Amino acid sequence: MTAAEFEKEWALLHLSEEDCSPYQYVYFSRVLGNLSQEIGESQEAVKFYQQSLDTLEGLHKDEIELGRTYFRMGVAYLDFDSDQADQCLTKALKFFKNSYKDLCDDIIEIVRY
């Protein structure tokens, strides 16, 4: 078992605990997405990112957290669905632009190319 696989099992245990708060659920879902992607399970990673987004959107509109999650989800989609990747990365950039304002313009120009 690799370190990433071990960490994934650990995060799954935390996610399944009854006293897991919605904020912890968002965090551990995103961690599970990152770890799934690291071990080559991109489609499973997308499912965890979607769980994180569904919970986060129900809590509040933290645009930085939404942007981070859409960005990671877009990167995972690059492995198997470029259209979905483009949609997620575009959403991420919109959230980042709303949060960082003019500081985000350079990043958007880089990503376009």
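Please report the carbon-and-sulfur percent of the accessible area for the stretch 1-108; probe 1.4 Å, protein heavy atoms only, DNA, RNA and ligands left out. Before the final figure, lay out the partial values.
Values: 3320 of 6400 Å².
Carbon with sulfur: 52 percent of the solvent-accessible area.
Where in the stretch 39-101 are there chymotrypsin sites (Phe, Trp or Tyr not before Pro) that are in a DSSP coil and have at most 11 other Cβ atoms within 10 angstrom of their Cβ?
Taking the stretch 39-101 and a limit of 11 other Cβ atoms within 10 Å, the loop chymotrypsin sites (Phe, Trp or Tyr not before Pro) found are PHE80.
Could you work out the per residue convex hull volume over the alpha carbons of the stretch 2-54, in cubic angstrom? Walk me through the numbers before you get to the answer.
On the way: hull volume 3.0 nm³, N = 53.
Per residue, the Cα convex hull of the stretch 2-54 comes to 56 Å³.
What are the trypsin sites (Lys or Arg not before Pro) within the stretch 1-110 that DSSP puts in a loop, where the Cβ has at most 12 other Cβ atoms within 10 Å?
On the way: sites: LYS8, ARG30, LYS47, LYS61, ARG68, ARG72, LYS91, LYS94, LYS97, LYS101; in loops: LYS61.
Sparse-neighbourhood loop trypsin sites (Lys or Arg not before Pro): LYS61.
Within a Cβ distance under 14 Å of ASP79, other residues only, what is the Lys/Arg minus Asp/Glu net charge?
Numbers: positive: LYS47, ARG72; negative: GLU38, GLU41, GLU44, ASP81, ASP83, ASP86.
So the environment of ASP79 carries a net charge of -4.
Which GluC sites (Glu not before Pro) in the stretch 1-79 sit in a loop by DSSP (not H, G, I, E or B) and have at most 11 other Cβ atoms within 10 Å of their own Cβ? Can you show the working numbers first?
Numbers: sites: GLU5, GLU7, GLU9, GLU17, GLU18, GLU38, GLU41, GLU44, GLU57, GLU63, GLU65; in loops: GLU17, GLU18, GLU41.
Hits after loop and neighbour filter: GLU17, GLU18.
Sum up the charges of everything whose Cβ sits under 13 Å from the Cβ of ASP62, counting Lys and Arg as +1 and Asp and Glu as -1, but leave ASP62 out.
Details: positive: ARG30, LYS61, ARG68; negative: GLU57, GLU63, GLU65.
So the surrounding residues net to 0.
May I ask you to derive the relative contact order of the chain, considering only C-alpha pairs under 8 Å and at least 6 residues apart, and to give it as an integer percent? Write out the running numbers ahead of the final one.
Values: 129 pairs, mean separation 21.4, N = 113.
Relative contact order here is 19 percent.
Send over a whole-number figure in Å² for the accessible area per residue of the chain, probe 1.4 Å. Each step should come with its number before you reach the end.
On the way: 7070 Å² over 113 residues.
Per-residue value: 63 Å².
Could you work out the local net charge near GLN43, counting Lys and Arg as +1, Asp and Glu as -1, over the other residues with Cβ closer than 13 Å to its Cβ? Don't jump to the answer; show the numbers that get you there.
Working: positive: LYS47; negative: GLU41, GLU44, ASP79, ASP81.
For residues surrounding GLN43, the net value is -3.
Treat every Asp and Glu Cβ in the chain as -1 and every Lys and Arg Cβ as +1, leave all other atoms uncharged, and give the resulting dipole magnitude about the Cα centre to the nearest 20 debye. Let's see the in-between values first.
Working: 11 positive and 22 negative charges, 76 e Å.
That gives a dipole near 360 debye.
Give the Cα extents of the stretch 26-69 along the principal axes, in whole Å, largest first.
31, 15, 14
Rounded to a whole number of µm²/s, how large is the Stokes-Einstein D of the chain at 20 °C and 1.002 mPa s, given Rh as the Kirkwood radius over C-alpha pairs?
148
The values are calculated or read from the model by the stated rules, or taken from the named source; none is laboratory data. What you are looking at is a predicted structure, and each value in this text was computed from that prediction instead of being measured. Backbone-built Cβ (ideal geometry, glycine too); neighbour counts: all protein chains shown. The accessibility values were calculated without ligands, DNA or RNA, using every heavy atom of the protein model including side chains. Shrake-Rupley method; radii C 1.70, N 1.55, O 1.52, S 1.80 Å.
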